[in-house]
Amino acid sequence: MKIVTFLNFNKEKRLGILINNLIADVELEAKKYNINLPDNMLELLNNWDKNYIKLKELENKLKNNEFIVQNNNYPLLSPLPNPVSCRDGYAFRQHVAAARRNRGVPMIEEFDQFPIFYFTNHNAIFGEGDITLELDHFEKLDFELEWAVILGRKGKNIDSKEADNYIAGFTIMNDWSARRLQMEEMLLNLGPAKGKDFATSLGPYMITLDELEDKRIETEYGNLYDLEMKAYHNGRLISIGNTKDMTWTFAEIIERASYGVEVFPGDVIGSGTVGTGCYLELNGTWQLEAKEKGEEFVPIWLQPNDEIILEIERLGQLKNIVKLSNNNVSILKKKKNVKN
């Protein structure tokens, strides 16, 4: 199934399922068949095992009958507009190795010892469409091509061999990054924080595991999936990767994340950036290539009114346009005078 959250005519957030690229309002259509289903994604996830069965039943009925549909004029929000939490991993070795090579430092051995993640702002979640950002965010504004899992079960100390059973579905994730803010704060060996917490895009829908069964690659430590990933900047293809290139499976990341703490339905966990999946990495690579040729290179970053489209096989396209806020507030200019 492909599950969405959309705005109806009354600008109300509604839970829907995509059938032949048309949206059916879950709660309204379920009532016609005396099926009890909620009207929002978080409530759906809180009783996922039972609700999934009911939702499949509804989908099967709607496929064979007429149903109220919404057209493309209905905005799609993040499939889960209000995650319980949002973590982001660091699972693609190619991205990490290339980024470190471009900075002139060796690959860090600890990458292959355990999966890591950080918490980002679960209250700054966007779906498709325009995103308005502050002036400082456009100081080396970057995208990140990722995908993410949305959990449908509560658990603690989850073994990686069981962790895939806690996943309700997958979605595309864009971990927007203000690189100047990020690099400044990480000089203090803490973060990222303000360089990351202003926006994360998820969407356009959550796809359930059954839809990807033929793409599943079973490993000793959880499942991988063979799905092509692409990124387009103002219509130009700039990145190609594959989800199967994750060094750490989502199951292993869930195992690490759940150690000593509970994870919950509605938690989102991102994969981290695929190789070539951001300008931080691409600029470094292109700069090295230009240097070898004796050519000059000007780094590329996102500008106001630019469009980024992230595309993952079976998961659709997540389209965003970045807009500049008109308030001109800056924190980069604020420096504290410290007297010795």
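The values are calculated or read from the model by the stated rules, or taken from the named source; none is laboratory data. What you see is a predicted model; the values in this text were computed from it and never measured. Note: ideal-geometry Cβ built from the backbone for every residue, glycine included; neighbour counts use all protein chains shown.
Filtering the stretch 243-282 to residues that are without any contact (Cβ under 8 Å) to a residue 40 or more places away in the chain and either within 16 Å of Ala99 (Cα to Cα) or surrounded by 20 or more Cβ atoms within 10 Å (Cβ to Cβ) (or both) leaves nothing. Of the set (1) touching an Asp or Glu at 6+ places or on another chain (Cβ under 9 Å); (2) not assigned by TED's automatic domain parsing to the domain that holds Glu144, all apply to Lys334 but (1). Quick check: anything in the stretch 134-149 in contact with a His (Cβ under 8 Å, 6 or more places away or on another chain), closer than 17 Å to Arg179 by Cβ and part of a loop (DSSP other than H, G, I, E, B)? Within the stretch 134-149, one or more residues are in contact with a His (Cβ under 8 Å, 6 or more places away or on another chain), closer than 17 Å to Arg179 by Cβ and part of a loop (DSSP other than H, G, I, E, B).
Only residues that are assigned to a helix (DSSP H, G or I) and surrounded by 17 or more Cβ atoms within 10 Å (Cβ to Cβ): list them for the stretch 28-41, please. Lay out the reasoning, then the answer.
Quick first cut of the stretch 28-41, residues assigned to a helix (DSSP H, G or I) only: 28-32, 41.
Within the stretch 28-41, Glu29, Ala30, Met41 meet the criteria.
The set of residues in the stretch 184-219 that are surrounded by fewer than 15 Cβ atoms within 10 Å (Cβ to Cβ) and more than 14 Å from Phe250 (Cβ to Cβ) comprises Met186, Leu187, Leu188, Asn189, Leu190, Asp210, Glu211, Glu213, Asp214. Of the listed requirements (1) outside any loop (DSSP other than H, G, I, E, B); (2) under 20 Å from Lys196 (Cβ atoms), Pro115 misses just one: (1). For beta carbons closer than 7 Å, sequence separation of 6+ or different chains, a first residue in the stretch 307-334 that is of a type in the set (D, E, K, R) and a second that is in a loop (DSSP other than H, G, I, E, B) and surrounded by 12 or more Cβ atoms within 10 Å (Cβ to Cβ), the qualifying pairs are Glu307/Asn234; Glu313/Leu227; Arg314/Leu227; Lys319/Glu128; Lys323/Pro304. The set of residues in the stretch 135-167 being among the hydrophobic types (A, V, I, L, M, F, W, C) and either in contact with a helix residue (DSSP H, G or I) (Cβ under 8 Å, 6 or more places away or on another chain) or crowded, with 22+ Cβ neighbours inside 10 Å (or both) consists of Leu141, Phe143, Leu145, Trp147, Ala148, Val149, Ile150, Leu151, Ile158, Ala163, Ile167. A count restricted to the stretch 1-27 and to residues that are without any contact (Cβ under 8 Å) to a residue 24 or more places away in the chain and either surrounded by 14 or more Cβ atoms within 10 Å (Cβ to Cβ) or basic (Lys, Arg) (or both) stands at 2.
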